[in-house]
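The values are calculated or read from the model by the stated rules, or taken from the named source; none is laboratory data. All values derive from a computational prediction rather than experimental measurement. For neighbour counting, all protein chains shown are included, and Cβ atoms are generated from backbone atoms with ideal geometry for every residue, glycine included. Accessible surface is based on the protein model in full, side chains and every heavy atom, while ligands, DNA and RNA are left aside. Shrake-Rupley method; radii C 1.70, N 1.55, O 1.52, S 1.80 Å.
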Amino acid sequence: ETSGAGDHWIGVVGAGPSGLSFAYQMARRGYRVTVYDAREKAGGMLRYGVPDYRLPQSVLDAEIARILDLGVELVLDTRIGKDISLDQLRSRHASLYLGIGAQEGRGLRIPGADGPGVFSGTGYLGRVNRSEPTGIGQSVIVVGGGNTAIDSARCARREGAKVTILYRRTRQEMPAVEHEIDDALAEGVELIELAIPLAIVRDEADRPRTVEAQRMQLGEPDASGRRSPTPVDGSQFTLEADTLITAISQVPVLEGLEALDHDGDWLVADTAGAVGDTVMAGGDALGLGIAGNAIVQGRRAAESLHLRLSGQSADGAAPERHEIGPDQVRFESKPTSSPAHKPEMPARERVEMGMAEVSGNITEREFLAETERCFSCGSCFGCEQCFMYCTKGCFTRLEEPRPGMYFALNLDECQECGKCVEVCPCGFLEVRS
């Protein structure tokens, strides 16, 4: 336990990937941590947004249990702004971390969009992951090109529906993971590029019957750097559909957090993750991204907060890390080997098996071989190149080596020849003026 860490009680709002990552990093440094979440189970979008065929609930449960085993306290069914206020949390905890996510899906503003048969992507996936009846029909149109759209389409296929994705740009501009798009197409999802819905036509029972759509073309780049879609005159067409799933974007719910710095629907944090004197934030609340980004933001915020609370840095700024580029990695220093590939269930079988996990596990032997492929970019892995090329007494082996630390450097013995930097295969050593 870090000296003095036990004097600080840390609060975390949101038990998703960002909040859990932050909680884990603080707990392992000896802090008392309590995580609050509005739902009945922890996991955030990993539980209520990622389908079981990609991430089985049992795997997620095991990962969360490892975090709780460190002593992290979990308080569920507690909504900020309703069950407890931000001011109450601030008075209770030395510091707060907000990992509230962005779980509210944005709807379409087109005629016929209000009524039965129209779902948000996050709402639909939440029902799927809770094993609740979804109420979708047999002909589904999904609007969007991100991971939520792809997951919604693949889940609808597993419910037996004919599924078509409408995306306003081309496949090359789709933000979804490339292989997930490939998997969706292999499972029978149809993709119509350069198209948007204009209106939903409903029958006498108020159920969607058809969707009026519009062909698009790409024009000049917009603020995102992607070419803007513009309508093609006279290119309207009709698609039959009894269900529409909109997965065009998501936003955070800032109820109870209005006092914090925010830009419209999004929290605004500095480079260390701070949104106030004692409040930090990370994950989708700052801007939509993948779970890996949210986990990294949680870790970096924890490192920054620990530096500040332990007195190692007045502003929580971590030591500058120099970037490691391909020119600093000696690829010839390691023999080449093929990467391990997970076994994949065939496409037809994936659809027939419903929510069964589509990717298997690599073997232990494959795992160990895969770790040997790592170049340990920017971190010493004890290859001994510097030790062999340097003068005697400059580099000495540590009696108790640990990952990333295998040698001590005595600068008094250094001849400044730079050979160690030249032969270092991972960019760990550098010349500083």
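For segment 404-433, filtering for residues that are open to solvent by 40 Å² or more (accessible area, probe 1.4 Å) and touching a strand residue (DSSP E or B) at 6+ places or on another chain (Cβ under 9 Å) leaves 6. Just one residue in the set 159, 178, 187, 240 is of a type outside the set (Gly, Ala, Ser), touching a helix residue (DSSP H, G or I) at 6+ places or on another chain (Cβ under 6 Å) and closer than 27 Å to residue 348 by Cβ; that residue is 187. Between 369, 356, 317, the distinction of being touching a residue at least 24 places away in the same chain (Cβ under 8 Å), surrounded by 12 or more Cβ atoms within 10 Å (Cβ to Cβ), in a loop (DSSP other than H, G, I, E, B) and out of contact with any Phe, Trp or Tyr (no Cβ under 9 Å at 6 or more places or on another chain) belongs to 317 only.
On the given criteria, is residue 140 open to solvent by 30 Å² or more (accessible area, probe 1.4 Å), among the hydrophobic types (A, V, I, L, M, F, W, C) and in contact (Cβ under 8 Å) with a residue 40 or more places away in the chain? No.
Taking the condition free of Cβ contacts under 8 Å to residues at least 60 places away in the same chain and more than 30 Å from residue 157 (Cα to Cα), does residue 234 pass?
Details: free of Cβ contacts under 8 Å to residues at least 60 places away in the same chain: yes; more than 30 Å from residue 157 (Cα to Cα): yes.
Criteria met by residue 234.
Meeting the requirement of 1 or more residues that are basic (Lys, Arg) and either open to solvent by 20 Å² or more (accessible area, probe 1.4 Å) or farther than 21 Å from residue 280 by Cα (or both), the helices (runs of 4 or more DSSP H) wholly within segment 1-109 are 45-48, 57-68, 86-92. The number of residues in segment 120-137 being aromatic (Phe, Trp, Tyr) and open to solvent by 30 Å² or more (accessible area, probe 1.4 Å) comes to 0.
Suppose we filter segment 164-178 for residues that are in a loop (DSSP other than H, G, I, E, B), under 15 Å from residue 218 (Cβ atoms) and of a type outside the set (Val, Ile, Thr); how many remain? Break it down stepwise before answering.
As a first pass, look at segment 164-178 and keep what is in a loop (DSSP other than H, G, I, E, B): 167-170, 174-177.
Within this subset, residues satisfying the condition of being under 15 Å from residue 218 (Cβ atoms) are 167-170, 174.
Remaining after also requiring of a type outside the set (Val, Ile, Thr): 167-169, 174.
Number of matching residues: 4.
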